[in-house]
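Chemist: Supplied in structure tokens, the structure appears directly below.
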Ligand code: PXL
């Protein structure tokens, strides 16, 4: 069985973060490995507390794991601070890890900051250039580039600007200018593509985590990136269609019918 590694925060609702990544890997038949960056206390409404893992313990998690198992691909979610990112970069280099998917998680859908300012700068300047693909949503793409994105031509400009920051390719998720449609935009070298889907009403938790984890699973299987992005787009549409509401806040994704 192939393996993929998630480096992310814990979300007790299972809707986002580490738990959502592992569920997505499993849906693709991939065994999930994980290293926790932070613990959150949260419900389907909000996050009450974040408890970051001490950097030296995070280093121990990664080094102990990677001295034994080399994942076929890895993804990052909530990274919280610069100390965690610095250690992650050291381990990626030391173990020559490939197929790095960076989801530049910045703020939760309920509005809580999931990375501090110094961490965000390090993510932008040092981790993103190492990525096979980055998967910002519109808001994260705006924060990374300083551009306003209010239509498809600006979306393309922002993706080009992100590509100049050094990753091999870029997907910006969640364009929503037409009432009935959402758009994911993929830029790979000079090739680009729009993946369009029907907009489904409701508030869904963890769509970005599931999308980037699905791409990571595809890369771990050995798929070409464009195929992995295409399948991830379909997976998330299916997972939204089968979403459910275990609490009284946001809905949580189903398993995407894969
Ligand atoms: O969806 C972003 C996200 C990532 N990781 C963790 C989270 C959230 C959002 O709540 O809690 C741990």
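Just so you know, all these numbers are worked out from the coordinates, no wet-lab data involved. Since we're looking at a predicted model, the values are computed, not measured. Cβ sites come from the backbone with ideal geometry, for glycine too, and all protein chains shown count toward neighbours.
Chemist: Which number in (1) free of Cβ contacts under 8 Å to residues at least 60 places away in the same chain; (2) touching a strand residue (DSSP E or B) at 6+ places or on another chain (Cβ under 8 Å); (3) more than 25 Å from residue 3 (Cβ to Cβ) marks the one condition that residue 98 misses?
Modeler: Unmet for residue 98, out of (1) free of Cβ contacts under 8 Å to residues at least 60 places away in the same chain; (2) touching a strand residue (DSSP E or B) at 6+ places or on another chain (Cβ under 8 Å); (3) more than 25 Å from residue 3 (Cβ to Cβ): (3).
Chemist: Now for a different question. Quickly run through the range 230-258 and pick out the residues that are surrounded by fewer than 19 Cβ atoms within 10 Å (Cβ to Cβ) and touching a residue at least 60 places away in the same chain (Cβ under 8 Å).
Modeler: Listed by number, the residues that qualify are 245, 246, 247, 248, 249, 255, 258.
Chemist: Return the residue satisfying two criteria in turn: it lies in the range 198-229 and is away from the ligand (no atom under 16 Å from the Cβ) and over 28 Å from residue 5 (Cβ atoms), and of such residues it is surrounded by the fewest Cβ atoms within 10 Å (Cβ to Cβ).
Modeler: Among those residues, the one meeting the criterion is 201.
Chemist: Looking at 55, 13 in this structure, which one is surrounded by fewer than 23 Cβ atoms within 10 Å (Cβ to Cβ) and within 17 Å of residue 127 (Cα to Cα)?
Modeler: Answer to the check: 55.
Chemist: Still on this structure, I have one more. Within the range 160-175, identify whether any single residue is assigned to a helix (DSSP H, G or I), surrounded by fewer than 21 Cβ atoms within 10 Å (Cβ to Cβ) and touching a helix residue (DSSP H, G or I) at 6+ places or on another chain (Cβ under 8 Å), and answer yes or no. Working first, answer last.
Modeler: The first filter runs over the range 160-175 and keeps only residues assigned to a helix (DSSP H, G or I), leaving 160-164.
Checking the rest, the ones that are also surrounded by fewer than 21 Cβ atoms within 10 Å (Cβ to Cβ) come to 160-161, 163-164.
Next, only the ones that are touching a helix residue (DSSP H, G or I) at 6+ places or on another chain (Cβ under 8 Å) stay: 161.
Scanning the range 160-175 turns up at least one residue that is assigned to a helix (DSSP H, G or I), surrounded by fewer than 21 Cβ atoms within 10 Å (Cβ to Cβ) and touching a helix residue (DSSP H, G or I) at 6+ places or on another chain (Cβ under 8 Å).
Every residue, every condition in (1) more than 26 Å from residue 203 (Cα to Cα); (2) free of Cβ contacts under 8 Å to residues at least 40 places away in the same chain; (3) touching a helix residue (DSSP H, G or I) at 6+ places or on another chain (Cβ under 7 Å), yes or no:
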| site | (1), (2), (3) |
| --- | --- |
| 8 | no, no, yes |
| 18 | no, no, no |
| 39 | no, yes, no |
| 45 | no, no, no |
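Chemist: Residues that are more than 18 Å from residue 216 (Cβ to Cβ) and either more than 11 Å from the ligand (Cβ to nearest atom) or more than 14 Å from the chain's Cα centre (by Cα) (or both): list the strands (runs of 3 or more DSSP E) wholly contained in the range 1-84 that include at least 1 such residues.
Modeler: Strands (runs of 3 or more DSSP E) meeting the threshold: 31-42, 47-52.
Chemist: So the check is Cβ under 7 Å with 6+ separation or different chains; which pairs have a first residue in the range 200-212 that's farther than 13 Å from residue 104 by Cα and a second one that's near the ligand (Cβ under 9 Å from one of its atoms) and assigned to a helix (DSSP H, G or I)?
Modeler: The qualifying pairs are 206/20; 210/20.
Chemist: Identify the single condition in (1) part of a helix (DSSP H, G or I); (2) within 11 Å of the ligand (Cβ to nearest atom) that residue 105 does not satisfy, given that it satisfies every other one.
Modeler: Every listed condition holds for residue 105 apart from (1).
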